[in-house]
Amino acid sequence: MPFVGHGLLLAATAATLFGLVAYGRAARQGRLELARQGRVALGLATLLVTAASLILLVALIQTDFRFAYVVRHTNRDLPLLYRVAAFWAGQEGSLLLWLWILLVEGFLALGWRRGSQGPEAADRLEAPAGALLLGIALFFELLVVTVSSPFGAVATPPADGRGLNPLLQNPGMLIHPVTLYLGYVGFTVPFALAFGALILGDGSDAWIERSRRWSLAAWLFLTLGIVYGMQWAYVELGWGGFWAWDPVENASLIPWLTATAYLHGARVWQQRGCFKVGTVGLLAATFLLTIFGTYLTRSGVVSSVHAFAPSTLGSLFLGFLILLTVGTVAILIWRRDLLQDEVGVDNPISREGSFLLAMLLLAAAALVVFLGTLSPILSGWLLGTRIQLDAAFYNRVVPPIGLLIVAVMGLAPLLPWGRATRRTWRRLVWPLGLAGAVTLGLAAAGIHHGLALAAALACFFALAVTLPELLKGFRGHARGLGGRLKGALRAARRNPSRVGGYLVHIGVAVMVVGMVGATVFETSADVVLQPGQMTELAGHRLHYAGLRQRMDSPSQVTIHAELILLGDGRPLGRLRPEKVFYTYARPTTEPAILGGPRGDLYVILNGWEEGGRQASFTLVWHPLISWMWWGAYIMAAGGLIAFGPTPQARSRGAARSTPPALPAGEGTGA
């Protein structure tokens, strides 16, 4: 069976090459029949890669050890869900997943639904966009049929496989990589549409509306991918944190920052006709940074606990990235006259001025993280010595930029398009006063940490502006509908981008409160306990009851400690931190977490004496960390609501649905 999967990928590569040529000729000659040939080839390539992916998936589920990939990443004891997750656990399978997502999204965006501008206009944009998308797909297909094929065969199948890395045997493995890849790959569609429009000589904003949902979906999945990764690190790795500023972690954050800036720029382009160069540049940077992240993960140029083993793929991705960058810059220079702003920013104290400032701050944060991530390479080139910047650097530089972004996020809804008025300044008084009062109250309560007070001022200012703006929309639509809930639903239907955007901003503010609380006010202690002894951390009393052992499978044994949280002399909860031992891998540490709105009590079992007479633990108290997760899911809810059609799109649809008036004197023949 491995040769069948490989043959399907070869056929898909041929179909992609044919589609690339057909789309390219259609874009050059304006022949719609060639675009239809490209569409058929795109659909065929999608079908063939889907079939190849199903063959690999079935082989993993059935532990078919004729496949070398199955041998490396599964064994017979592995639960079914983790056999499925093994699809993207290895380098070859993850590239196949990337390719499959790319082709499916490309087919849905270009081949299945060809837009809302009418068949002829849609086909004109489809050709150059399809050529760009298939050119990118061709690179990944060449990788999976040559240097990184998941369909390598085993001459003599073994009795069992090597198994999946225990650190990957976590529910996060089922969700985090897939959502992250959906985010990464998703930006290929808006990139192809934007640069396809430029190639055609179309400098309008039509591509923005056509790609809006694809951009939002990619941003939403990238957001969820990052958050699921943070949660996975928090509950699995056993070091007490959720973000280590690891290079591969940074590689997902950087395009998220530029994508967020791009979405704001696209809004201003549609609303005011400005920020065109910046908007297209940010979209291009986002797409290129997703390829950069893939290069970073597979090249070995920086050290990361999340990276694949170094391989020749790194140099291939670097060459591809350079080619894409040169081509992107060339198109921008060639078509620069199409990207002239219709209006400028007459007054920085305006809605568009605040958007510009937010975009610049987001881009600055992305640049800082990008340069910090590449610091070993850059310092090696410039100084002859590799210097790896640690988390302390990022924690000094990034939070001030982030808090400025939150403050601007609160300011923007109060500012009108064009120019601020006296009424604008009067509207600032109440939210600034409330945020200032909260901050002064925290200072009076004994909180004197500068970052915490600055975060309180920025976040509560943003919430004091955004919540009333959101509720105002609900009230406006609630009259006569029987309540706030109906009003909220109607407001979301009438202007989903407004409601969704406000919810995202609220989620950001709540998430920042949780981040600051969990990091600035974190307390920890290392303790050694004997059975029956008590310890205390941040007002939480723990009783250690001893160690327990269980046999999970012939290849896995777990040792866990039993700790009881006490309050008023009675048990309030139990914590069972674990060490898991495997016959085929190194031991792993599983922390125990007891959480609530006030924070999480986090316990790590470090080790024990022979016979379990005493054990050592690390105890950590993370105040408000659950606020971080709540904020993230509020952001996700806002992103989902924003998927609805914009008022501009509805007005265009209404205009298209209105039949043209007949000339005077003509009738319908009735």
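The values are calculated or read from the model by the stated rules, or taken from the named source; none is laboratory data. Since the model is a prediction, treat every value here as computed from it, not as a measurement. We place every Cβ from the backbone using ideal geometry, glycine too, and count neighbours over all the protein chains shown.
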Can you work out which of the residues in segment 529-570 that are touching a strand residue (DSSP E or B) at 6+ places or on another chain (Cβ under 7 Å) and basic (Lys, Arg) is surrounded by the most Cβ atoms within 10 Å (Cβ to Cβ)? 541
The condition of being more than 31 Å from the chain's Cα centre (by Cα) and modelled with pLDDT under 95 holds, among 440, 414, 432, 470, only for 432
Residue hits (segment 126-163; within 27 Å of the chain's Cα centre (by Cα) and farther than 24 Å from residue 198 by Cβ) are 141, 142, 143, 144, 148, 149, 150
Would you please list the contacts, defined by Cβ atoms under 9 Å and residues six or more apart or on different chains, that run from a residue in segment 287-309 that is surrounded by fewer than 22 Cβ atoms within 10 Å (Cβ to Cβ) to a residue that is modelled with pLDDT of 90 or more and not in a helix (DSSP H, G or I)? 301/374; 302/374; 308/90
Yes or no: residue 573 outside the structural domain of residue 256 (by TED's automatic domain parsing), in contact with a Leu (Cβ under 8 Å, 6 or more places away or on another chain) and more than 17 Å from residue 522 (Cα to Cα)? yes
Scan segment 224-276 residue by residue and report those that are β-branched (Val, Ile, Thr) and either in contact with a strand residue (DSSP E or B) (Cβ under 8 Å, 6 or more places away or on another chain) or modelled with pLDDT of 95 or more (or both). 226, 227, 235, 254, 258, 260
Looking at 27, 35, 59 in this structure, which one is assigned by TED's automatic domain parsing to the domain that holds residue 153, over 24 Å from the mean Cα position of the chain (by Cα), more than 30 Å from residue 212 (Cβ to Cβ) and of a type in the set (A, V, I, L, M, F, W, C)? 59
Given the criteria part of a helix (DSSP H, G or I) and at pLDDT below 95, does residue 45 qualify? no
Tell me, which strands (runs of 3 or more DSSP E) wholly within segment 568-615 include 1 or more residues that are under 25 Å from residue 630 (Cβ atoms) and either without any contact (Cβ under 8 Å) to a residue 24 or more places away in the chain or of a type in the set (Val, Ile, Thr) (or both)? 570-575, 592-596, 599-608
I'm checking my understanding of the structure. Among residues of segment 241-262 that are of a type outside the set (Phe, Trp, Tyr) and touching a Phe, Trp or Tyr at 6+ places or on another chain (Cβ under 6 Å), which one is surrounded by the most Cβ atoms within 10 Å (Cβ to Cβ)? 259
Taking the criterion of being at pLDDT below 95 and not in a helix (DSSP H, G or I), would at least one residue in segment 27-34 satisfy it? yes
Spot the failing condition for residue 318; the list is (1) among the aliphatic types (A, V, I, L, M); (2) within 23 Å of the chain's Cα centre (by Cα); (3) under 26 Å from residue 398 (Cβ atoms), and only one is missed. (3)
Condition broken by residue 596, with the remaining ones in (1) surrounded by fewer than 17 Cβ atoms within 10 Å (Cβ to Cβ); (2) under 30 Å from residue 79 (Cα atoms); (3) within 30 Å of the chain's Cα centre (by Cα) satisfied: (2)
If only one of 229, 203, 273 is of a type outside the set (Asp, Glu) and either crowded, with 22+ Cβ neighbours inside 10 Å or over 28 Å from residue 110 (Cβ atoms) (or both), which one is it? 229
Between 234, 184, which is among the hydroxyl-bearing types (Ser, Thr, Tyr), in contact with a Ser or Thr (Cβ under 6 Å, 6 or more places away or on another chain) and closer than 27 Å to residue 86 by Cα? 184
Return only the number of the condition from (1) part of a helix (DSSP H, G or I); (2) assigned by TED's automatic domain parsing to the domain that holds residue 604 that residue 493 does not satisfy. (2)
